[in-house]
1. Please find, within the range 52-64, the residue that is surrounded by the fewest Cβ atoms within 10 Å (Cβ to Cβ) out of those that are under 21 Å from residue 20 (Cα atoms) and of a type outside the set (Val, Ile, Thr).
2. Kindly list, by first and then second residue, each pair from a residue in the range 47-65 that is among the aliphatic types (A, V, I, L, M) to a residue that is exposed (fewer than 11 other Cβ atoms within 10 Å of the Cβ), limited to pairs with Cβ atoms under 8 Å and residues at least 6 apart or on different chains.
3. Considering only the range 21-51, how many residues are loosely packed, with under 10 Cβ neighbours inside 10 Å and either modelled with pLDDT of 95 or more or not polar (S, T, N, Q) (or both)?
4. Got at least one residue in the range 52-61 being part of a helix (DSSP H, G or I), among the basic types (Lys, Arg), modelled with pLDDT of 90 or more and under 27 Å from residue 74 (Cβ atoms)?
5. How many residues does the range 71-87 hold that are surrounded by 10 or more Cβ atoms within 10 Å (Cβ to Cβ) and modelled with pLDDT under 95?
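The values are calculated or read from the model by the stated rules, or taken from the named source; none is laboratory data. Small disclaimer: the values here were computed from a predicted structure and weren't measured. Ideal geometry is used to build each Cβ from the backbone, glycine not excepted, and the neighbour counts take in all protein chains shown.
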Amino acid sequence: MRPPSGNQTLSSTVRVPGELYEALRQIRLSLESEHQSAAPTVQDMISVALKRFINDWENPDKQSQLLGELLEHRQVARSNMGKKRIDGS
């Protein structure tokens, strides 16, 4: 069930892997050169991606594939917990 639509914005902090954030930043920079101040922000890109995610989740044909990807991602994240990074971070 979808929450009521509206323009209410809730603040949340979400951790994003550096390589994903860097890819979004590069996309933004490429759009900025073409669209100047009208270029979408990283937040705009994330909002569109989240809307697509919700639409896919509500589509029974896509939900099982999406669930598989989510469970796989969670499994990889859990297997990496507690491991030290080679770069020292």
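1. This residue is 52.
2. Close Cβ pairs satisfying both conditions: 54/2.
3. Going through the range 21-51, the residues loosely packed, with under 10 Cβ neighbours inside 10 Å turn out to be 33-34, 36-38.
Adding the requirement that they be either modelled with pLDDT of 95 or more or not polar (S, T, N, Q) (or both) leaves 34, 38.
Qualifying residue count for the region: 2.
4. Within the range 52-61, the subset part of a helix (DSSP H, G or I) is 52-57, 60-61.
From what's left, among the basic types (Lys, Arg): 52.
Filter once more, keeping what is modelled with pLDDT of 90 or more: 52.
Right, trim to under 27 Å from residue 74 (Cβ atoms) and you get 52.
Among the residues of the range 52-61, at least one is part of a helix (DSSP H, G or I), among the basic types (Lys, Arg), modelled with pLDDT of 90 or more and under 27 Å from residue 74 (Cβ atoms), which makes the answer yes.
5. Of the residues in the range 71-87, 4 are surrounded by 10 or more Cβ atoms within 10 Å (Cβ to Cβ) and modelled with pLDDT under 95.
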